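What follows is a single structure, written as structure tokens, with notes after it.
Just so you know, all these numbers are worked out from the coordinates, no wet-lab data involved. Small disclaimer: the values here were computed from a predicted structure and weren't measured. In this analysis, Cβ positions are derived from the backbone assuming ideal geometry, glycine residues included, and neighbour counts consider all displayed protein chains.
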Amino acid sequence: MCSSIDGCYRACVEPNENLAFDALSDRVRRRILAVLGEQGELSVGDIAQRIDAVGRTTVSSHLRVLRTSGLVRERRDGRNRFYSLDADGAVRDAFVFLQSILRQGVEAVENPGATSGEDPPGSARQAAG
Amino acid sequence: MSDTVTIAAERTVRLAPHEVFALFGTAQGAGWLFDAQCDEVRPGAVVSLRLPLDGLGGHAVDVLGTLARVVPGAVIDIEHTQPWRGRLSLRFTPSGARETRLQVRAHVPGEGMEWLLHRRGIPLPEPPDDGAVRLGAITNASGSGAVYSMSAELMAELAVDEVNADGGIRGSAAHLVTADDATDADQAALEAERMARLGCRAIFVNSTSASFEAVRRAVTGWDVLVVHTVLNEGGGLSPTAVRFGERPDAQLDALVAPAMATAGGRRWFLVGQSYVWSYGAHAAARRAITRAGGEVAGEALHPLGTGEFAATIERIERSGADLILSSLVGADEVAFERQSHAAGLRATTRTVALALEEATIAHIGPRAGEGLQTALGYFQDSPVAGNGELLRRYRTAYGVWAPAVTALSEIVYESIHQYARIVHLDPDGSAAAHGRALRRQRPVTAPDAIGSRDLLRPQLYVAQADGSSLRILSEVGRPR
């Protein structure tokens, strides 16, 4: 997986990269990625609660696609399954990257006076619209 | 925008909302939100911001757009087309005594995520053949040329949509494959190879001469027609390569002598880029200046991507030049003109620029741009038949805040329409046959009209910057 920008884009090719693009093309899957990016690790039920108008079964099927694409990691704990973004996933990379540069930009806002200090962790957030 | 991702960040600042708002785009707010730069905070004003992608080994990338909504002290919405089409929303909310909660939301469509993934090294998907007639368009969504290329992809898309609305090409849909070459010839070659693999029968290169040449070489042997769709220095022709657009010798014939008469001077300083475009343009300039009885007092050539011109401006001052010819392009031209104005060069010199269209002049700004002259084949207020209807269709498709249609984007639109007509008549023809048809002379008696302009030798108009727009002064050979 690429972990840094290559100025000429000549980087790596991985077998699941087209799958990653397919995964990215669906609105619900984008929303799931956004929720996981914001919340870290969640169960299927927790994810379904955070996405309006989509049931648990639908979320499960989207999670299967995301897992197959290498974008989401699954962890089993007894009968429960928990999901988080794959740290090596391409799309997650892009999400995190965009989020980080946006946060840096806002935190660098020129302030002639004192600022209220750093925002608490998680105050920069992702959401799908 | 159901597939749009929104990413948000916020911060509380110990200033009142109107004070934070006032920092946007001003010198006092230098560094404020990605070095936001705009001369006026009003709807319709252009704005540029710089994304620090360089921290990860690439280059900083400019977000170029327009202020779409402004509520003083409360709201700034930016619609941008570069490097992807998206929206940035800023909200300034009172938070306690003299504090402001600043919220910034970036709305990134699927194409934006694809751009970012591609930038990070991931190849774009290559969809299987669906029977459509595929056409490639390489534009500058990033890099120095992003300024002049702002509406190029939109105009290419508009042309293809119109072709399809008219029934396609021999009953098949036309499909546009787009790519950003980052104003980099090596990247242009890679994108062209992908387009050839995808079966594109023609590639329209709305980029530098260096990119055109790289694309031409990259698709050798693929039976792909390469059409250069920005003003250029000429040369580089082959049976499968066509170069449309203005040529510097015609531009300079229109500009040099009148500029000398107006300035009352004869000493020129030439400023350009260190690649084939400026080499050709400056050779033509030396000929035109000599013919007009002038002389060249100096020359400075800069690599694409130059943003600092202090040393060159000092050289111009020392040279005693009365006139400046700029063949700089895109962001380099914007930086040079803004710095020239700030240094007071306008008091002693007059400037003509070859690659100065509405998008570039808007980013130069009304103060630094005032009085700059150029000569191009198309301006938004061109009197050519059908222009009003074209602009209405464009605004209907892309909205009131879409970037200006310019000489460098209108020609993409016309090229695609002309090419589609040729393929419709000769669907099995080779790239060379289609190239010959594109180069074929139109009847000299036919009046110019959108869709049938002479793109090889376009009728030129001399225009002068007036505020943030370009006002046509005359048609070359036909004073208005």
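Some observations on this one:
- Share antiparallel - DSSP beta bridges, the protein assembly as shown, percent rounded to 5: 65 percent
- Ordering B:Asp428, B:Asp454, B:Asp35 from the fewest to the most neighbouring beta carbons within 10 Å gives B:Asp428, B:Asp454, B:Asp35.
- Spin-label model distance (nm) - B:Glu475 vs B:Ser238, 7 Å beyond Cα toward Cβ: 3.8 nm
- Within region B:248-353, the proportion of C-alpha pairs whose separation exceeds 20 Å stands at 31%.
- Selection from B:Val13, B:Pro94, B:Ala106, by position along the positive dipole direction of region B:5-117 (Cβ): B:Pro94
- For region B:5-117, the Cβ-based charge dipole about the Cα centre amounts to some 400 debye (Lys, Arg positive; Asp, Glu negative; other atoms uncharged).
- Relative exposure of B:Asp381, B:Asp180, judged by other C-beta atoms within 10 Å (fewest first): B:Asp381, B:Asp180
- Between B:Ala449 and B:Arg287, the distance separating the two model label sites (each 7 Å from Cα on the Cα→Cβ line) works out to 3.4 nm.
- Applying both filters, DSSP loop and at most 14 other Cβ atoms within 10 Å, to the GluC sites (Glu not before Pro) of region B:274-362 gives B:Glu308.
- Overall form of region B:5-117 per C-alpha gyration tensor (a/c, 1.5; a/b vs b/c): prolate
- Farthest toward the positive end of the dipole of chain B, out of B:Thr220, B:Trp268, B:Ser430, is the Cα of B:Trp268, where the dipole comes from beta carbon charges about the Cα centre.
- Tail beyond 40 Å, pair distance distribution of the protein assembly as shown (Cα, percent): 31 percent
- For chain B, adding -39500 (n - 2.57) for each run of n ≥ 4 DSSP H residues and dividing by the number of residues yields -10000 deg cm²/dmol at 222 nm.
- Just so you know, the Cα atoms of chain B work out to an Rg and Dmax of 22.5, 73 Å.
- For the protein assembly as shown, the Cβ-based charge dipole about the Cα centre amounts to some 480 debye (Lys, Arg positive; Asp, Glu negative; other atoms uncharged).
- Nearest-20 debye value, chain B charge dipole, Cβ charges on Lys, Arg, Asp, Glu: 660 debye
- Using the Cβ-Cβ distance between B:Ala22 and B:Asp428 with R0 set to 56 Å, the FRET efficiency from 1/(1 + (r/R0)^6) comes to roughly 0.35.
- Under the criterion of Cα pairs below 8 Å and six or more residues apart, the relative contact order for chain B equals 13 percent.
- Listed residues B:Pro447, B:Ala404, B:Gly236: farthest to the positive end of the dipole of the protein assembly as shown (Cβ charges): B:Pro447
- Modelled label positions at B:Arg393 and B:Ala165, each set 7 Å beyond Cα in the direction of Cβ, lie 0.6 nm from each other.
- Among B:Leu456, A:Leu85, A:Leu98, the order by Cβ neighbours within 10 angstrom, fewest to most, reads B:Leu456, A:Leu98, A:Leu85.
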